[in-house]
Structures are given as structure tokens and as C-alpha cells.
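Every read-out reported here was derived from the displayed coordinates using simple, explicitly stated rules and does not represent laboratory data. Predicted, not measured: the structure shown is a model, and the values here were computed from it. Counting neighbours? That spans all protein chains shown, and the Cβs are built from the backbone with ideal geometry, glycine included.
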Amino acid sequence: MARLNKNNSAVKRIMQEARELANDPCTDYSAAPLEDDIFEWHCTLRGPNGTEFEGGVYHFRILLPAEYPFRPPSIMMLTPNGRFELNTKICISFTSYHEELWQPAWGVRTAIVGLQGFFPLKGTAAVGVGALEYPVAERKRLAALSREWVCPKCNCTNLELLPDPPSDASRAAPPNAESQITEVPAASPGPLTPATPAVIADVKQKASADEPPRAQVDAPSPSIPIVAPRPQRPSPPPSILTTPIDTTPTPRTVSPRPDGASSAQLQQAAGPKRDAQSSGRPPVLLDTAICVLLVLLFALIVKRFL
Ligand SMILES: [Zn+2]
């Protein structure tokens, strides 16, 4: 009990990690401190998938120093595995063999995950104190045996300490995901919108579905008032001038609507056009054409008679 002074920073830290691991269990490993020694943990780790350790379940000890977390833990394998010696402190970058690499921010979970990553290493990367290079077939055989291996301290098989994730889990996961996805759309209009990507996707879809009509409705409404007056100012004068020749008052009434200067200029510019169009050009052209025709007819008649 002397070591279990709860004012000790190491004890505080270890108890905190134990609570976090208990509250957030992982299907790849389980770990807990011994009841009579919080500085010694017994852990169970699943062999990495896709390796000769797949299907294996391995038990090992983690020994935490009194200076933890300022000094790194030690790891000792208990279950025969063909990768690490048993009952020997394993040389891994985060273990006591490499104190210079340890960071106090790391913890027991870091060590376990790191150990899992060291399992499949080959060649020089796998060399170190406590490393073994058993043939693949032997490692597979040991992996199969490891499941029923019993820890004398825990009095449990590895499978009992770390049950296989139920194949139902993989089956249950899709239904859960589907249910979440199906539930999400219903809840998406609610306040839970930022929760999941599915929700965001739904929101985007709804927004995109709503946006096009809005944009179509909104775009024309502002564009009409803006675009309409511009064409009206230049275009109306010719149309008004061509059709109503004698209705001079109408352009005068139109002129006050736009700016005075522009309207006056338009009227001035339009004025001569009216005179040219109304009085001058058409009659002159018609007269000349008629005269030319008469001259031609007269010339034909004269030729026949001659
Ligand atoms: Zn144990």
C-alpha cells in the first residue's frame, strides 16, 4: 500500500489510464493493472490481421517504473508466439531499452498499440533484445495455440480475456450503419446536422435541391429591373419615333423618366432622324425611282416607234 499513495503523480496517472482503458475498451487489446500492484499490468493483444499472427491472442506484462510516466514501461511476453522471447524485457523503441525515445505524453495504450505494430516487423527491423525469428509455420501454430493459453496470474484463457469480436459485430456493424444512415435523414433537419457526413450529405442534397429553384427565381427578379431599364433607354426612342411621327408630346413625357441630360441628348439625336425619315428620304427615293421608270418607259416607246 506504500506504493499506492494516491498523492503520487505516477499513481494518479496510472489510475487515470486504467479508467480510460476500462471506459473505452478496444477489440484489439485489453489491459488492466493488477489488483495488488498498480505498477504491473496484464495485457492481452490480438495478432495483427494479414500476418502469421492473425488469429493469435497474446498475453504480456507491462511494468511501469516508479517515475512513470517520465520513464518508459517495460514489456515482457507471457504467451509463446515465435516473435518475442518470454519473460524477457523486450527491446522496443518505447520500452526501457530506449528511454531517450519515450515521451511522457505516451501511455500504456501507446505501448500496447506499438507492440502490435512490432509483431509483423521483419529482418533488421525485427532485431533486438527479446526478438525471435521463428518460421512462419511455427508462428501460425503458436498463434492457434495462444487462444487457449492460460495466464497463471489471471487464471483466464486469452480468449476469455479478449474474446474474438463477434462475427455478428461485422454483420451488426452494417445494420447499425444503415440504421444510422436511415435515421440520419429524418434527424437531419433537426439540430444534429453536423454530426455525421451522411447528415452533411443530406443537407447538401436538400440545399442543392432547393438552391436551383431559388437561384432561378432570385436571379431573374434582380436581373430584370437592372437589365430592363438599360435597353429601354436606347431602344424606345427609335421605336417610338418610327411609329408615331406626329406624336411629339410622347417623347417629351418619356424624357423626364430617365436623367434629364441623357434624355435631352436622345431627343436631340432623335430629332434630325425624324425629319430625315419622315420628310426627306422616302419621298426622294420614290420620286427618283418613278422618274427613272417613266424615262425608261418613254425610251422603250420611242424605240418601238422609231
Ligand atoms: Zn495475466
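How far apart, in nm, are two points set 7 Å out from the Cα along the Cα-to-Cβ line at Lys12 and at Val136?
In this crude spin-label approximation the distance works out to 5.0 nm.
Quick check on the exposure proxy: order Tyr29, Tyr97 from fewest to most C-beta atoms within 10 angstrom. Could the numbers behind the result be given before it?
On the way: Tyr29 22, Tyr97 17.
Ordered from fewest to most neighbouring Cβ atoms within 10 Å, Tyr29, Tyr97 come out as Tyr97, Tyr29.
Extension gain Glu148-Asp164, at 0.36 nm per residue separation less the Cα-Cα distance, in nm? Walk me through the intermediate numbers first.
Values: separation 16, 0.36 × 16 = 5.76 nm, distance 1.22 nm.
Gain on extension, Glu148 to Asp164, equals 4.5 nm.
Say R0 is 30 Å: what FRET efficiency, to the nearest 0.05, do Asn49 and Arg71 get from their beta-carbon distance?
Numbers: r = 32 Å, r/R0 = 1.08.
So, using R0 = 30 Å, E works out to roughly 0.40.
If neighbour count is taken as other Cβ atoms inside 10 Å, put Arg61, Arg46, Arg19, Arg71 in order from fewest to most. Don't skip to the end; give the middle numbers.
Numbers: Arg61 19, Arg46 23, Arg19 10, Arg71 15.
Arranged by neighbour count, lowest to highest, Arg61, Arg46, Arg19, Arg71 become Arg19, Arg71, Arg61, Arg46.
In the stretch 9-165, with Lys and Arg counted as +1 and Asp and Glu as -1 at Cβ, which of these residues, Cys151, Ala66, Leu132, has the Cα nearest the positive end of the dipole, that is, farthest along it?
With unit charges placed on the Cβ atoms, the residue in question is Leu132.
Kindly put Ser30, Ser9, Ser167 in sequence by how many other C-beta atoms sit within 10 Å of each C-beta, fewest to most.
Details: Ser30 21, Ser9 12, Ser167 8.
Placing the least packed residue first, the sequence is Ser167, Ser9, Ser30.
Taking a spot 7 Å from the Cα of Thr124 along the direction of its beta carbon, which residues of the stretch 80-112 have an amide N less than 20 Å from it?
Under cut-off, by backbone N: 91-94, 98.
How much length is gained on full extension from Ser93 to Ala105, taking 0.36 nm per residue of separation minus their Cα-Cα distance?
So the chain would gain 2.8 nm between Ser93 and Ala105.
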